[in-house]
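K.L.:
The structure's right below; bear with me while I get my questions together.
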Amino acid sequence: MHAFEDKYFLNTVVVPFIWITTLYSAIYFLNNWLTGFLYLVPGAHLVHLPTGFKLLFILISGWIGALSIGFVAFIYGFFFMFKGDLPLDLELAVIGALTPYLTYLFFKNKFEIQSDLLWLTQKRVLVMGLMYASLNSALLQMVLFWNGITTDFLNGLLVMFIGDLTGLYCLFLLIKPVSKLFNIKPPSVQADKPTTKPAAKVIDS
């Protein structure tokens, strides 16, 4: 029994955590290396591809994805961006993981979220992206402003909001060819349709 539980935990928690952490680390570090010239204000790139992947990984794996994202954010902050500032790095890591997860929970209560992403529609992607980008940029820039890292909250908020939106849009563009490759209908061609009950069949007496 214990062996079965250990194997289940390994397959459903540990392995996904390792895979997501590895993939997200590669995307995160590569983006920050390639777009260093777009790092305009503390903590914010004008184009931030990891933003879209953060939401994607959490939509697929839930809290495990959030845990992976928080771990990567802390490692990068502690060793590279804000070296050695443990309280700040922990705050940024928690918020970086919490905002996409809160967005996920909000939409989970409204829609039947599935890991295959077939539930996504163009309208849902737009609303989810705007909600997440607003929450993420506001909270992260608030932490940076509170800790004295930045003195211009509104400018940081604007740059990070634009960066989050561009990251989400770039991921949305990537979903299309991937969906075609695996013969899945992409979100862009799906639409929210009201569910209507079939008309009752009238039987002449």
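Derivation of every value follows stated rules applied to the coordinates shown; laboratory data play no part. Just so it is clear, the model here is predicted, and its values are computed rather than measured. All Cβ positions, even for glycine, are placed from backbone atoms using ideal geometry, and neighbour counts span all protein chains on display.
K.L.:
Show me, for the range 42-57, the HN-Hα J-couplings you get by feeding each phi into the Karplus relation (A = 6.51, B = -1.76, C = 1.60, θ = phi - 60°), rounded to Hz, glycine and proline as x.
P.N.:
Those phi angles translate into x, x, 9, 9, 5, 10, 10, 4, x, 4, x, 5, 4, 5, 4, 4 Hz.
K.L.:
Also, quick follow-up: Apply the a/c threshold of 1.5 to the C-alpha gyration tensor of the range 1-73 and tell me whether it is rounded, prolate or oblate.
P.N.:
Values: a/c = 3.76, a/b = 3.08, b/c = 1.22.
Prolate shape, in that a/c is at least 1.5 and a/b is the bigger ratio.
K.L.:
Using the structure shown, list the pairs from LYS7/LYS54; LYS83/LYS110; LYS54/LYS83; LYS54/LYS110; LYS83/LYS108 with a Cα-Cα distance above 31 Å, or answer none. Spell out each step's value before the answer.
P.N.:
Details: LYS7/LYS54 27 Å; LYS83/LYS110 40 Å; LYS54/LYS83 23 Å; LYS54/LYS110 20 Å; LYS83/LYS108 36 Å.
Exceeds cut-off: LYS83/LYS110; LYS83/LYS108.
K.L.:
Which order, highest average first, do 142-150, 80-88, 39-47 follow once you tally other Cβ atoms within 10 Å for each residue and take the mean per peptide?
P.N.:
The most tightly packed comes first, giving 39-47, 142-150, 80-88.
K.L.:
So what does the Cα-only Debye profile of the range 1-144 read at q = 0.11, 0.12, 0.19, 0.20 Å⁻¹, as log10 I(q)/I(0), no solvent term?
P.N.:
-0.44, -0.52, -1.18, -1.28
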